[in-house]
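Below is one structure, written out as structure tokens, with a few remarks after it.
The values are calculated or read from the model by the stated rules, or taken from the named source; none is laboratory data. Owing to the predicted nature of the structure, the values given are computational and were not obtained by experimental measurement. All Cβ positions, even for glycine, are placed from backbone atoms using ideal geometry, and neighbour counts span all protein chains on display.
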Amino acid sequence: MFTAIDILKVMKIDMPGGKYVVAVSGGVDSVVLLDLLRMYPDVKITVAHFDHGIREDSHLDRAHVQQLARRYQLPFVYDKGRLGDGASEAEARQARYAFLAKVRERTQADALVTAHHENDVLETAVINLLRGTGRKGLSSLTSGEGIIRPLLDVPKSEIIDYAQRHGLVWREDSTNGDSKYLRNRIRNDMLPSWSMHDRGRLLAVSRRMRTVNQEIDTLISDVMPRPGGSSAHEPTALNRQWFILLPHNVSREVMASWLRQHGVRDFDRNTLERLTVAAKTATNGKAIDIVKNHSMHVGPDHLALRVRER
């Protein structure tokens, strides 16, 4: 009889021992992930569930996840947002990760663990290509510092097969069929029409770009100078004079890297272009809106990222 550990090895999943916060929505992906990890040696789990407050029946998801945690004798933490049915995917993601980060800090966990899988990699790559987020968009869904995604190389079909063979019960999110969300249109209409060959080609490009992007980011970080004078005390400061002298395409890549280094990720090609131009041409003291709660402040010799007061 296969144990969860055997199955993890078959799926080529390596989960190091440690203390983790596992994000469980109640859908099939996270229910399978929890079932796999619960018997893994030296892994201590806190089950975390975030109710976005988008659907009227979302409290049933929380009840289901809480029941699973109780059955597995695992600690359970949840919180509820009030985003409403008009919330964007970006708003929902920001609220969810803010909650998970708080749980990780409170439990002193080594990392977050999420159930993103191979299909999510494809969907995210297509979305980012359409948004024009550049080289990083093809490989943005990865494991990294503080977050582990052990199912990234596992197709959705294998996850569903595992759940069915082991009699797992999960809840379907009714919003997954709502075509107003770009991800759903890609998931339900575009990707099913692709051949296995086409899917494999995009996955291969994504994996290759993951390595290339790591190398590029290291190079950018190594050459990015810090400003001097009083602006050196700005924790997010970037040397503006150096930035102005960069070729436009290069400065756009540096801008994107700088934003991501400081936790600003939900920007598109137009925002990136607008910020790059403003960084070079805006007058001293100008504040440029970036995304919801962040702005870029332009100084005579530096650029700084700040969280706007509400």
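In region 118-131, the residues that are over 12 Å from Leu152 (Cβ atoms) reach residues that are of a type in the set (D, E, K, R) and part of a helix (DSSP H, G or I) with C-beta atoms within less than 6 angstrom, at least six apart or across chains, in these pairs: Glu123/Arg183; Glu123/Arg187. When Lys9 is tested against (1) part of a helix (DSSP H, G or I); (2) at pLDDT 75 or above; (3) among the charged types (D, E, K, R), just one condition goes unmet, and that condition is (2). When region 135-160 is filtered for residues that are modelled with pLDDT of 80 or more, farther than 22 Å from Tyr97 by Cα and either outside any loop (DSSP other than H, G, I, E, B) or among the polar types (S, T, N, Q) (or both), the ones remaining, listed by number, are Lys156, Ser157, Glu158, Ile159, Ile160. In region 181-279, counting only helices (runs of 4 or more DSSP H) that sit wholly within it, the ones holding 2 or more residues that are within 19 Å of the chain's Cα centre (by Cα) and hydrophobic (A, V, I, L, M, F, W, C) span 196-223, 248-261.
Do the conditions hold for Leu191, that is, is it closer than 14 Å to Glu123 by Cα, at pLDDT 80 or above and among the aliphatic types (A, V, I, L, M)?
Working: closer than 14 Å to Glu123 by Cα: yes; at pLDDT 80 or above: yes; among the aliphatic types (A, V, I, L, M): yes.
Considered against the rule, which asks whether it is closer than 14 Å to Glu123 by Cα, at pLDDT 80 or above and among the aliphatic types (A, V, I, L, M), Leu191 comes out as yes.
Would region 49-63 turn up any residue that is closer than 23 Å to Ile160 by Cα and among the basic types (Lys, Arg)? Yes, there is a match, as at least one residue in region 49-63 is closer than 23 Å to Ile160 by Cα and among the basic types (Lys, Arg).
Between Ala90, Ala163, Ala109, Ala98, the distinction of being closer than 14 Å to Val32 by Cβ, out of contact with any Leu (no Cβ under 7 Å at 6 or more places or on another chain) and either in the same structural domain as Asp51 (by TED's automatic domain parsing) or modelled with pLDDT of 90 or more (or both) belongs to Ala163 only. For region 164-175, residues that are in contact (Cβ under 8 Å) with a residue 60 or more places away in the chain and part of a helix (DSSP H, G or I) total 2.
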